[in-house]
1. Determine, from the Cβ-Cβ distance of C79 and R33 and an R0 of 30 Å, the FRET efficiency 1/(1 + (r/R0)^6), rounded to the nearest 0.05.
2. Using θ = phi - 60° and the Karplus form 6.51 cos²θ - 1.76 cosθ + 1.60, what ³J(HN,Hα) does each residue of segment 81-88 get, whole Hz, x for Gly and Pro?
3. Report Rg(Cα)/(2.2 N^0.38 Å) for the chain, keeping two decimals.
4. Which one, T61, C7, G81, is farthest towards the positive end of the dipole of segment 3-93 when Lys and Arg carry +1 and Asp and Glu -1 on their Cβ?
5. Efficiency by 1/(1 + (r/R0)^6): what FRET value for K5 and D64, r their Cβ-Cβ distance, R0 = 22 Å, to the nearest 0.05?
6. Which pairs, out of K5/K58; K18/K67; K18/K69; K18/K39, put more than 19 Å between their alpha-carbon atoms?
7. In degrees from 0 to 90, rounded to the nearest 10, what is the angle of the helix 10-20 Cα long axis to the longest principal axis of the chain?
8. At a threshold of 8 angstrom on Cα-Cα distance, excluding pairs fewer than six apart, so keeping six or more, what relative contact order does the chain reach in percent?
Amino acid sequence: MEAEKRCATCEELCRYIKEEVKPGDIVRLSLGRVYIPGKVITNNNGIIQVKIDSEMIKGLTTIDVEKLKDYLIELEHECEGSVCIIEAVDEEEGQE
């Protein structure tokens, strides 16, 4: 499976999550020093519920992407056989 890689501002990344991430998709979010891998259970306008099933953490967590946008570093989104990796960049870098 080949991954599409690109960069986006935090605003663009939030918009992508609201519009493109669907229940059943796999996401891997990097927020600051926190790495959150899991299956999306619900996406209510950018407030996503993710089922985490890693060795150290198991269970459901709810993430309000808009409130945490300043901490977004990267999103890896896997759906329907494709992977999209989006790296967050500063607003100035996104304008280039």
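Computed from the coordinates by the stated procedures, all read-outs in this text should not be read as laboratory data. Keep in mind it's a predicted model, so treat the numbers as computed, not measured. Please note: Cβ atoms are built from the backbone with ideal geometry, for glycine as well, and neighbour counts cover all protein chains shown.
1. Values: r = 26 Å, r/R0 = 0.87.
Efficiency for this residue pair is about 0.70.
2. Residue by residue, segment 81-88 yields x, 10, 10, 10, 10, 10, 9, 7 Hz.
3. Values: Rg = 12.7 Å, N = 96, 2.2 N^0.38 = 12.5 Å.
Output field value: 1.02.
4. Of the candidates, T61 comes out farthest on the positive side.
5. Details: r = 26 Å, r/R0 = 1.17.
After rounding to 0.05, the efficiency reads 0.30.
6. Working: K5/K58 28 Å; K18/K67 13 Å; K18/K69 12 Å; K18/K39 15 Å.
Beyond 19 Å between Cα atoms: K5/K58.
7. 50
8. Details: 196 pairs, mean separation 35.1, N = 96.
Here the relative contact order equals 37 percent.
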